[in-house]
Structures are given as structure tokens and as C-alpha cells.
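Engineer: Quick one: the structure is below, questions incoming.
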Amino acid sequence: MTPEYNKVHNRFKFNGIHFNHEDLSEVAYSIIKEGDPYEKELGNFLIDWLNNDDFLMVKTSGSTGQPKKIKLKKQAMVNSAIATGDFFGLQPGDKALHCLPSHYIAGKMMFVRALVLGLEIDFVEPISQPIFNTKKHYDFCAMVPLQLKHSIDYVTNIKTIIVGGSMVTKPLLKRIKEAPSRFYETYGMTETVTHVAVRPLQSKSRKGQQYFKALPNITFSQDDRDCLIIDAPNLVKEPLVTNDIVDLQSSTSFKLLGRYDNVINSGGVKLFPEQIEEKLQPVIEERYIVAGEDDTDLGEKLVLILENPSNIENITEKIKKLNTLDKFEIPKKIYALKKFPETTAGKIQRTKTLEKVLG
């Protein structure tokens, strides 16, 4: 029998204490009144979750356009929690660490998973280096790459860590290889109630994989642009067409190549900024993106945009020595900006960055 959104699992615990459905309302009002700002965000979510509506209004991150409010069915969030629990083998009484902000879907879903699956969840401040009990065993945790970067030496007590929200950089992947936990990169969005697919990252516990694998009851296909179509009937009513170009291995696995709206056509050659940016990681310390600038001969030429660089000439020389770049992937021009435009979630806004550079 599928759990319902207005029920609380009898094994659920919040910061070491069991609360039923009625108790949680009192907890929510209490932390809204007396808690720190990050706790008040959780309190506001709980008030919305515990009301009589069968939906939540949530805000998208704005990484692919203007942030907007969308309606998510609470039962879809329950279904997502069950799919995650099934995939990772989470059991009632397992312990979870919650260190994500509660105003975004990823943070809300960590708490929903605990309510639905009967997890014992410890909630800590969602800062870049979360402060938690490093001697207590945790079965499950979700982090953004920045948090994992600052915490990688202290997560040996966490069995499984999922990482999402932005790209996992090569330096971080290198550190993950030496860590004993199990790490998974996630793929998903607010519209799909967080992740619909994950891929293992190489660590001491297991081998890494290039392809994302679907969670239970989710399948994939492609449109005529080679963009991913997500069919997740337990999460969204209709198949969701994305702008993510993929190499589709099967109906349940794919490799992410880049975004359709970011693709650069330079002299008839399609260039994927995300792949080029990954190749540039070893030689650039600053934040950066590559983009396409109009060109009379090529149609578009590849340009590199750096945030507050210390030495452009030095970076240029290092790029020339990279043997991983094809000739079309070498930037034709380099620009510098003091500060990149960002979304509220701290992601670089590519279109606005290019507009700012080119005027």
C-alpha cells in the first residue's frame, strides 16, 4: 500500500525525537517563532506540508530561465521519496543528515523522505561546510558540490551521499576517489520533484559510471533534437521534454552531453560548452564559462569568459598546451568580468554573462 502525504511514518524522528502528524504542527510554529532563519524556512515548509491542500507551490532555481513558481502534488513528492528509498535500499530507522536549505525542492524532499520512509533525520544549518556529528553513523545525505568540497575529509561516517545542483568538478572527483563513502551524482529538476536518475562516482566503495540510471518507474526517450524526454507518471502527468542533449543508451540510462540552448555551431561543428569547460578545469582556477559569439566567417566563434582572473596571459599559454582539446574547442577570444551574474541558487547565468561581456 502506497503511503499518503498526510501520514507520518511511526519510525520517523526529527533531531532524535519522534513526532506524529499533530505534533509536527506545534514544532513548525515553535521554530518559526523562535528558530534561526534556516530553521524558520523548514517551519514554513512544514506548515504548507501539513495543511489540507494536496499540493505545494515551489520555486524553480532559475538555472534555465527566470525563476517561477510551480504547483507540485504532495503525493508526487511522496512517490519520489519512495523511488529514492527503493533505489538506495533505505529502511525505516535509517539515519539521514539534512544540510540543504528548505526553500528549494532538494531541501524539502530530504524531509519528505524522512517522513515517508521512517528515517531518523538530523537537521543542521545549510552552510558551505555543514557542522554535524562526525562520529555518528549516517546512512544517507544530500549535498551540493560546494558543501562536499568543504566536507569531503569529514564524511567517512556517511554511507551514501548524493550530490547535485551544479557540476561536480574534476578536483572534487579526484578527492571523492580516495573517500570510503558511496557517492552518486544526481540528475533532475524542480519539475520532476528532484532527481529522476543518478550515476555512481568512483570512490573506494565502488566503481564510477558515465551513464545516469533511472530511478524506479521512470523511463527516457529523445526528441528530434536528441534532447531527453522524461516519462515519470508517478511524478508528472505528461512526459517532460527537456533541453538536455543526451547519448541515450537505453530507456533507463543516458549520458549527459550538454544543453541544447548552449550548443555553439562554429563553422558547422557543434560544440558543447559543458564538455569543453570540463576539459579546461585542470588549467583554470577561477570561475569561467565558454560561449558562442557571432562571427562573420564561422557563424559563431568559441569564447572563454573568466571571473576576475589574475593572469589572462598565463591561462592562455596553459590552454595552448592542453592536449585534450580539439582545434575547434580552443577559445578564439578571452573576456574577463569582475563578477558573474548568478541565480538565487548561486549558479552562473550564461545568457546574462554573455550579454554583459558583449554589451
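Engineer: Return yes or no: is Lys135 in contact with a strand residue (DSSP E or B) (Cβ under 6 Å, 6 or more places away or on another chain), modelled with pLDDT of 95 or more and farther than 21 Å from Lys40 by Cα?
Structural biologist: No.
Engineer: Being open to solvent by 40 Å² or more (accessible area, probe 1.4 Å) and assigned to a loop (DSSP other than H, G, I, E, B) is the filter here, so list the residues in the stretch 11-46 that pass it.
Structural biologist: Arg11, Asn15, Gly16, His18, Asn20, Asp36, listed by residue number.
Engineer: If we keep just the residues of the stretch 175-197 that are within 18 Å of Tyr104 (Cβ to Cβ) and out of contact with any Gly (no Cβ under 6 Å at 6 or more places or on another chain), which is surrounded by the most Cβ atoms within 10 Å (Cβ to Cβ)?
Structural biologist: Here the answer is Val193.
Engineer: Looking only at the stretch 94-113, decide whether some residue is at negative phi, over 18 Å from the mean Cα position of the chain (by Cα) and open to solvent by 20 Å² or more (accessible area, probe 1.4 Å).
Structural biologist: Yes, the stretch 94-113 has at least one match.
Engineer: Can you tell me how many residues within the stretch 212-235 are outside any loop (DSSP other than H, G, I, E, B) and either touching a residue at least 24 places away in the same chain (Cβ under 8 Å) or open to solvent by 50 Å² or more (accessible area, probe 1.4 Å) (or both)?
Structural biologist: Looking only at that region, the number is 11.
Engineer: Out of the residues in the stretch 51-69 that are within 16 Å of Ser102 (Cα to Cα) and surrounded by fewer than 16 Cβ atoms within 10 Å (Cβ to Cβ), state the one that is modelled with the highest pLDDT.
Structural biologist: Checked the stretch 51-69; the qualifying residue modelled with the highest pLDDT is Met57.
Engineer: Check off (1) under 23 Å from Ala83 (Cβ atoms); (2) at pLDDT below 95; (3) over 10 Å from the mean Cα position of the chain (by Cα); (4) not small (Gly, Ala, Ser) for Ile158 and give me the number that stays unchecked.
Structural biologist: Every listed condition holds for Ile158 apart from (2).
Engineer: Give me the pairs: first residue in the stretch 1-26 and farther than 19 Å from His98 by Cα and of a type in the set (Phe, Trp, Tyr), second residue surrounded by 17 or more Cβ atoms within 10 Å (Cβ to Cβ) and at pLDDT 90 or above, beta-carbon distance under 8 Å, and six or more apart or on different chains, which are they?
Structural biologist: Tyr5/Trp49; Tyr5/Lys74; Tyr5/Gln75; Tyr5/Met77; Tyr5/Val78
Engineer: Further, regarding this structure: List every residue pair whose Cβ atoms lie under 7 Å apart, where the two residues are 6 or more positions apart in sequence or sit on different chains, the first residue falls within the stretch 236-252 and is within 13 Å of Ile218 (Cβ to Cβ), and the second residue, located anywhere, is charged (D, E, K, R) and modelled with pLDDT under 95.
Structural biologist: Sorted first by the residue in the stretch 236-252, then by its partner, the pairs are Val236/Glu191; Leu240/Glu191.
Engineer: Could you please let me know if Ile158 is touching a residue at least 24 places away in the same chain (Cβ under 8 Å) and surrounded by 15 or more Cβ atoms within 10 Å (Cβ to Cβ)?
Structural biologist: Here the answer is yes, as Ile158 does meet what is asked.
Engineer: Hey, does the stretch 118-130 have a residue that's crowded, with 21+ Cβ neighbours inside 10 Å and over 30 Å from Lys69 (Cα atoms)?
Structural biologist: No, that holds for no residue.
The values are calculated or read from the model by the stated rules, or taken from the named source; none is laboratory data. These numbers come from a predicted model, not from an experiment. Glycine gets a Cβ as well: all are built from the backbone with ideal geometry, and neighbour counts include every protein chain shown. Remember, those area values only see protein heavy atoms, side chains included, never the ligands or the DNA or RNA. Shrake-Rupley method; radii C 1.70, N 1.55, O 1.52, S 1.80 Å.
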